[in-house]
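Below: the structure, in structure tokens.
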Amino acid sequence: MIRTFSAGSVCAVLLSQGSKYATCRAAHLHSGSFDVAIVGGGIVGLASARELILRHPNLTFTLLEKETELALHQTGHNSGVIHSGIYYTPGSLKAQLCVRGAMLTYQYCQKKGVPYKKCGKLIVAVEREEIPRLKALYERGQVNNVQDLRLIDAKAIREKEPYCRGIMALDSPNTGIVDWRIVALTYGKDFQEAGGTVITDFEASDIKVAAESPAGSAEGLKYPVIIKSSQGKEVRCRFVLACGGLYSDRLSEISGCDSEPRIVPFRGDYLVLKPEKNYLVRGNIYPVPNPRFPFLGFHFTPRMDGSIWLGPNAVLAFKREGYKLFDFDTQDFINAVSYRGLQRLVMKNIVYGMGEIYRGVFTSAQVKYLQKFIPELSPSDVLRGPSGVRAQALDAEGNLVDDFVFDGGKGELGSRILHVRNAPSPAASSSLAIAEMIADELEKRFKL
């Protein structure tokens, strides 16, 4: 059982693998002062909260989440892949954290009984011109210490994926799948069993340093940081870790830190194979990424529930948590389209972007692309599936911020807060390794 506290009541969230998440309300929260407050109940915030409380059981910790349940957004709207670390620049945080994070994820799931599958992944070249890039990926994976990679020919591709056609592929047998929301909720269970407090329905709207101690308090300014919710509730703490995901830039701004890199939301729409066509795909099938374009491209992804997802595309979302085509938020839209960084990104990738929009509207266009890999696939074999929204960090020059970014700020408040400004894919795969790094940084900055 994961027990979560709403901002004024107690909310119990029952977790069992494959079960529904039930809630109930009970008594009032008694204490609002903690040594460390973690803002954001996605997988990075939950993993970090777990790591911190396990290292420092004598300190008090709370995790604040604006929704009534945990892990509802990026954590609960992704492809469910456990990435192995092939794609990422050698020496980057992405590469280091993904390789270690994948290993820790498998160990954790095994220990906790969280279901997962090592179904593997093929990165498939369908054109001769893709072979040099595929071989470069293999070399990159070797440098990153990704285990058991091998280049295979067309015959070996068919042995692993009978309906897939390609001339060469990179075989990554240690790539897997898992339900990341179940993983995240299990982190939350660990956090609470160790004595941590989860407060839901608490949307942080202001973070500041107190001018004086609370009335009747004998502790002076032991807890000098005040986090206010949009409903007027308050939590006091000594230090703050902000893991805001899609709202990481706004959390930075309200705490007086830099607004850049700016978060621009990109929606990814999936198709789903009809169940009678699931035999077409055994494991993950990915294209060779084109370095001219910012995303990995459409791919085939098996899910823990037995379904097969195809996609996603990548189009600008008009709402930061807008999972439907016509979801719209005026502030989110204006913030995005008025940002010079997005304008420059669009101009550099306008043809690619128009293609993504076209394929998102016309299912047959997306299927036509996927037929390069599985020729037997037809438009009648697929249904429209779910969508996710990716928090893409951009700088003012229109460059995608491709690695993890952590920063603090200036002054008294800046010395007491650490922002996770960018935690791009593979943040879920890397979550336990990210948590180790964040805990190390907090110990160094805040002398925990």
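The values are calculated or read from the model by the stated rules, or taken from the named source; none is laboratory data. It should be emphasised that the depicted structure is a prediction, and the values quoted were computed from it without experimental measurement. Cβ coordinates were reconstructed from backbone atoms using ideal geometry, including for glycine residues, and neighbour counts include every protein chain displayed. With ligands, DNA and RNA removed, areas are computed over all heavy atoms of the protein, side chains included. Shrake-Rupley method; radii C 1.70, N 1.55, O 1.52, S 1.80 Å.
Each principal axis of the Cα atoms in the stretch 29-170 has its own extent, and those three values, largest first, are 65, 31, 27 angstrom. For the chain, the longest principal axis of the C-alpha atoms and the axis of helix 93-112 are separated by about 80°. Summed over the residues of the chain and divided among them, the accessible surface reaches 43 Å² per residue at a probe radius of 1.4 Å.
Rounded to a whole number, what % of the accessible area of the chain do carbon and sulfur atoms account for, probe 1.4 Å?
On the way: 10040 of 19280 Å².
Heavy-atom surface of the chain belonging to carbon and sulfur, 1.4 Å probe: 52 percent.
Give, rounded to the nearest 20 debye, the magnitude of the charge dipole that the stretch 165-294 has about its Cα centre when Lys and Arg contribute +1 at Cβ and Asp and Glu contribute -1 at Cβ. All intermediate terms of the calculation are to be shown ahead of the outcome.
Working: 16 positive and 16 negative charges, 96 e Å.
For this selection, approximately 460 debye.
May I ask you to give the average projected area over all directions of the convex hull of the Cα atoms of the stretch 346-390, in nm² rounded to one decimal?
Details: hull surface 16.2 nm².
About 4.1 nm², averaged over all directions.
Relative to the dominant Cα principal axis of the chain, helix 180-193 is inclined by about 30°.
Computed FRET efficiency, Cβ-Cβ of LYS447 and LEU54, R0 22 Å: what is it to the nearest 0.05?
On the way: r = 19 Å, r/R0 = 0.84.
FRET efficiency, LYS447 to LEU54: 0.75.
Inter-part distance, the stretch 138-161 to the stretch 226-285, computed on C-alpha centroids, equals 32 Å. Placing R0 at 25 angstrom, the Cβ-Cβ distance between GLN147 and ILE167 gives a FRET efficiency of 0.50 after rounding to 0.05. Each residue, ASP258 and VAL337, gets one label point 7 Å from its Cα in the Cβ direction; the gap between the two is 2.9 nm.
What FRET efficiency, computed as 1/(1 + (r/R0)^6) with R0 = 25 Å and r the Cβ-Cβ distance, is obtained for GLU127 and LYS155, rounded to the nearest 0.05? Provide the component values of the computation, followed by the final result.
Details: r = 18 Å, r/R0 = 0.73.
Plugging the Cβ-Cβ distance into 1/(1 + (r/R0)^6) gives 0.85.
Take the Cα radius of gyration of the stretch 90-233 and divide it by 2.2 N^0.38 Å, with N its residue count; two decimals is plenty. Numbers along the way, then the final one.
Working: Rg = 24.1 Å, N = 144, 2.2 N^0.38 = 14.5 Å.
Here the answer is 1.66, to two decimals.
So between PHE326 and GLN107, what do we pick up on full extension, going 0.36 nm a residue minus the alpha carbon distance?
Values: separation 219, 0.36 × 219 = 78.84 nm, distance 4.07 nm.
Separation in residues times 0.36 nm, less the Cα-Cα distance, equals 74.8 nm.
List the GluC sites (Glu not before Pro) within the stretch 134-230 that DSSP assigns to loop and that have no more than 15 neighbouring Cβ atoms inside 10 Å. Intermediate results must be reported in sequence, preceding the final value.
Details: sites: GLU139, GLU159, GLU193, GLU203, GLU212, GLU219; in loops: GLU203, GLU212, GLU219.
Within the stretch 134-230, the qualifying GluC sites (Glu not before Pro) (loop, at most 15 other Cβ atoms within 10 Å) are GLU212, GLU219.
Of the residues ASN422, ALA211, PHE446, the one whose Cα sits farthest towards the positive end of the charge dipole of the chain is ASN422 (charges of +1 on Lys and Arg Cβ, -1 on Asp and Glu Cβ, taken about the Cα centre). Dipole magnitude for the stretch 118-211: computed about the Cα centre from +1 point charges on Lys and Arg Cβ and -1 point charges on Asp and Glu Cβ, it is near 460 debye. In terms of the mean number of neighbouring beta-carbon atoms within 10 Å, the peptides 322-331, 352-361, 246-255, 35-44 order highest first as 35-44, 246-255, 352-361, 322-331.
How would VAL114, VAL143 rank on accessible area, largest to smallest, probe 1.4 Å?
Working: VAL114 5, VAL143 100 Å².
Order by accessible area, largest first: VAL143, VAL114.
For the stretch 319-448, the normalised intensity computed at q = 0.15, 0.21, 0.22, 0.23 Å⁻¹ comes to -1.00, -1.32, -1.34, -1.36 (log10 of I(q)/I(0), Debye sum over alpha carbons, equal scatterers, no solvent). Placing dummy labels 7 Å off each Cα toward the beta-carbon, the span from GLU397 to ILE350 is 2.2 nm. Expressed in nm², what is the orientationally averaged projection area of the convex hull enclosing the Cα positions of the stretch 267-339? Value for the stretch 267-339: 6.4 nm². Expressed per residue, the C-alpha convex hull volume of the chain stands at 142 Å³.
Taking max minus min of the alpha-carbon positions on each principal axis, the stretch 234-373 gives extents of 54, 36, 29 Å, largest first. Could you work out how far helix 350-361 tilts from the main Cα principal axis of the chain, as a 0 to 90 degree angle to the nearest 10? So the helix axis and the longest Cα principal axis differ by about 90 degrees.
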